[in-house]
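Note sheet for the following structure.
The values are calculated or read from the model by the stated rules, or taken from the named source; none is laboratory data. This is a predicted model, so every value here is computed, not measured. Positions of Cβ are backbone-derived with ideal geometry, glycine not excepted, and every protein chain shown enters the neighbour counts. Just the protein is used for accessible areas: all its heavy atoms, side chains included, with ligands, DNA and RNA removed. Shrake-Rupley method; radii C 1.70, N 1.55, O 1.52, S 1.80 Å.
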Amino acid sequence: MRRILASVGSVAFFVLAPGTVAGLVPWWISRWRMETPVSGWLLLRFVGGLLIVAGLPVLVDSFARFALQGVGTPAPVFPTKHLVVTGLYRFVRNPMYVAVVSVILGQGLVLGNVRVLEYGALVWLAFHLFVLIYEEPTLRASYGPEYEQFYAAVPRWLPRLHPWPGPQENA
């Protein structure tokens, strides 16, 4: 039953949080109108498209892992029962935040909209402060040594080149 609630909660939070931050707000800023490519480089539109295409499945995968493996949601009001350290979490500690910022920056590049790019930078800063001030201390308190091992092995923002093998029993 908890897994079903976690799945429903994750879908609702997916629509509410990333749907607003990476969808609605960039639309409000840009109305999704194409402008001259940033710096006049048409190639940046292609790079932006790649960021969007790469970011969306990362978001879906991360939300699914929270519901199905963590048996909870990314929302602080219904946190996971288990620390999620599989899938893309073996490369970077915050794939959801990286994906949201990638989708926003991708839109900025595709649309040639500097205001969307500036918004993406502000979103990253807000995520960074939230992670430092709330999320990491909360995960340390909730999961103790399990989180400490994950924290020490997996970078916060820039992915590892090779996946972390996972928690070691006697580490």
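Here are the numbers:
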quantity	calculated
Mean residue ellipticity (222 nm) of the chain, computed from DSSP H runs ≥ 4 via -39,500 (n - 2.57), nearest 500	-19000 deg cm²/dmol
On Cα atoms only, tilt of 114-130 relative to the major axis of the chain in degrees	20 degrees
Highest-first arrangement of 106-112, 28-34, where packing means the average Cβ count within 10 Å	106-112, 28-34
Carbon + sulfur, % of accessible area of the chain - ligands and nucleic acids excluded, 1.4 Å	72 percent
Acute angle (nearest 10 degrees) that the helix 95-111 long axis makes with the longest principal axis of the chain, alpha-carbon atoms	0 degrees
Cα long-axis angle, helix 43-68 against the chain (0 to 90 degrees, to the nearest 10)	30 degrees
Projected area, mean over directions - the chain, Cα convex hull, nm²	10.3 nm²
